[in-house]
Amino acid sequence: MALEDVVILTDVGVNVQGAAFYTDRYVKRGGEWLIAHTGYRRTYEELLPRGSLAGLKLTADWWATDGAPPG
């Protein structure tokens, strides 16, 4: 399974963007499937200074507003 993510680090003014493939392993115990290991291997990751994007404005911030929209 694949993933794509963007992490916004407002305290240092950087966006981290990347993609990866999950490397999960499962085991069956007592007739039930359980996760034995979960991880991922990056296909790429890039850093972008937020100040380099003219007009960029963060309009919602989970950590600052608990996910509520501004206003």
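Observations, loosely collected:
- For the stretch 24-63, fraction of C-alpha pairs farther apart than 11 Å, in %: 78
- Accessible area per residue (1.4 Å probe, heavy atoms of protein chains only) ranks W33, W63 as W63, W33, with the largest value leading.
- Alpha-carbon centroids, the stretch 1-25 and the stretch 37-59: separation in whole Å: 7
- Fraction of accessible area attributable to carbon and sulfur, the chain (%, probe 1.4 Å): 56
- Taking a quarter of the surface of the Cα convex hull of the chain gives a mean projected area of 7.4 nm².
- In a reduced charge model with +1 at each Lys and Arg Cβ and -1 at each Asp and Glu Cβ, the chain shows a dipole moment near 260 debye about its Cα centre.
- Net charge of the neighbourhood of A19, taken over other residues with C-beta under 11 Å away and scored Lys/Arg +1, Asp/Glu -1, is -2.
- Solvent exposure of the chain, expressed per residue, is 84 Å² of accessible area, with all protein chains present and a 1.4 angstrom probe.
The values are calculated or read from the model by the stated rules, or taken from the named source; none is laboratory data. These figures come from a predicted structure and were not determined experimentally. Methodologically, a virtual Cβ is constructed for each residue, glycine included, from the backbone with ideal geometry; neighbour enumeration extends over all protein chains shown. We work out accessible area using only protein heavy atoms, side chains counted, and drop any ligands, DNA or RNA first. Shrake-Rupley method; radii C 1.70, N 1.55, O 1.52, S 1.80 Å.
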